[in-house]
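Working notes for the structure below.
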Amino acid sequence: MKNNNRKQEIIESCISLICKNGFDTASMQNIADETGISKSSLYFYFDSKETIFKEVYEYCHKLDVDACNQGISGLNTAIIQSCIKH
(Lines give C-alpha, C1' and ligand atoms only; values in the text may rest on other atoms or scores of the structure.)
Protein backbone atom coordinates (compact mmCIF):
# COMPACT_ATOMS: atom_id res chain seq x y z
CA MET A 1 0.00 0.00 0.00
CA LYS A 2 2.90 2.36 0.73
CA ASN A 3 4.04 2.18 -2.91
CA ASN A 4 0.56 3.15 -4.10
CA ASN A 5 0.53 6.15 -1.75
CA ARG A 6 3.90 7.34 -3.05
CA LYS A 7 2.78 6.84 -6.67
CA GLN A 8 -0.31 8.91 -5.89
CA GLU A 9 1.89 11.67 -4.43
CA ILE A 10 4.03 11.64 -7.56
CA ILE A 11 0.99 11.85 -9.82
CA GLU A 12 -0.44 14.76 -7.84
CA SER A 13 2.93 16.53 -7.86
CA CYS A 14 3.11 16.08 -11.63
CA ILE A 15 -0.38 17.56 -12.03
CA SER A 16 0.70 20.50 -9.89
CA LEU A 17 3.75 21.10 -12.09
CA ILE A 18 1.73 20.86 -15.28
CA CYS A 19 -0.75 23.40 -13.89
CA LYS A 20 1.99 25.80 -12.78
CA ASN A 21 4.46 25.51 -15.65
CA GLY A 22 2.99 23.46 -18.47
CA PHE A 23 3.71 19.98 -19.78
CA ASP A 24 7.02 20.71 -21.50
CA THR A 25 8.76 22.04 -18.39
CA ALA A 26 7.85 19.09 -16.16
CA SER A 27 11.11 17.14 -16.20
CA MET A 28 11.86 14.08 -14.11
CA GLN A 29 14.03 16.25 -11.85
CA ASN A 30 11.25 18.84 -11.46
CA ILE A 31 8.73 16.10 -10.64
CA ALA A 32 11.12 14.57 -8.08
CA ASP A 33 11.75 17.98 -6.50
CA GLU A 34 8.04 18.77 -6.34
CA THR A 35 7.36 15.39 -4.70
CA GLY A 36 10.26 15.75 -2.27
CA ILE A 37 12.11 12.63 -3.40
CA SER A 38 15.32 11.95 -5.28
CA LYS A 39 15.32 11.49 -9.01
CA SER A 40 16.53 7.90 -8.55
CA SER A 41 13.58 7.22 -6.24
CA LEU A 42 11.26 8.61 -8.88
CA TYR A 43 12.69 6.12 -11.38
CA PHE A 44 11.89 3.34 -8.90
CA TYR A 45 8.19 4.14 -9.35
CA PHE A 46 8.14 5.29 -12.99
CA ASP A 47 10.61 4.44 -15.72
CA SER A 48 10.01 7.60 -17.78
CA LYS A 49 8.25 10.94 -17.94
CA GLU A 50 5.87 9.45 -20.49
CA THR A 51 4.90 6.69 -18.05
CA ILE A 52 4.07 9.27 -15.39
CA PHE A 53 2.01 11.30 -17.85
CA LYS A 54 0.13 8.18 -18.88
CA GLU A 55 -0.74 7.62 -15.21
CA VAL A 56 -1.72 11.29 -14.84
CA TYR A 57 -4.02 10.95 -17.86
CA GLU A 58 -5.61 7.77 -16.48
CA TYR A 59 -6.02 9.36 -13.04
CA CYS A 60 -7.71 12.48 -14.47
CA HIS A 61 -9.83 10.41 -16.84
CA LYS A 62 -11.12 8.31 -13.96
CA LEU A 63 -11.95 11.46 -11.98
CA ASP A 64 -13.79 12.88 -14.99
CA VAL A 65 -15.76 9.67 -15.53
CA ASP A 66 -16.68 9.65 -11.85
CA ALA A 67 -17.72 13.30 -12.08
CA CYS A 68 -19.88 12.62 -15.13
CA ASN A 69 -21.50 9.68 -13.40
CA GLN A 70 -22.38 12.02 -10.54
CA GLY A 71 -23.85 14.58 -12.94
CA ILE A 72 -21.23 17.29 -12.46
CA SER A 73 -21.00 19.80 -15.32
CA GLY A 74 -18.68 19.00 -18.21
CA LEU A 75 -16.50 22.03 -17.56
CA ASN A 76 -15.68 20.82 -14.07
CA THR A 77 -12.99 18.40 -15.24
CA ALA A 78 -10.41 16.72 -13.06
CA ILE A 79 -7.47 18.65 -14.45
CA ILE A 80 -9.26 21.98 -13.93
CA GLN A 81 -10.09 21.00 -10.35
CA SER A 82 -6.52 19.87 -9.76
CA CYS A 83 -5.17 23.15 -11.09
CA ILE A 84 -7.54 25.08 -8.84
CA LYS A 85 -6.22 23.12 -5.83
CA HIS A 86 -2.62 23.91 -6.75
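The values are calculated or read from the model by the stated rules, or taken from the named source; none is laboratory data. All of these numbers come straight from a predicted model, not from anything done at the bench. Neighbour counts run over all protein chains shown; Cβ positions are idealised from the backbone, glycine included.
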Pairs returned, first residue in region 50-76 that is closer than 26 Å to Met28 by Cα and at pLDDT 85 or above, second residue that is surrounded by 13 or more Cβ atoms within 10 Å (Cβ to Cβ) and among the basic types (Lys, Arg), beta-carbon separation under 9 angstrom, 6 or more apart or interchain, are Glu55/Lys7
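Of all residues in region 10-48, count the ones that are in a helix (DSSP H, G or I) and either more than 11 Å from the chain's Cα centre (by Cα) or of a type in the set (Asp, Glu) (or both).
Residues in region 10-48 being in a helix (DSSP H, G or I) and either more than 11 Å from the chain's Cα centre (by Cα) or of a type in the set (Asp, Glu) (or both): 16 in total.
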How many residues does region 4-36 hold that are touching a helix residue (DSSP H, G or I) at 6+ places or on another chain (Cβ under 7 Å) and under 16 Å from Tyr59 (Cα atoms)?
11
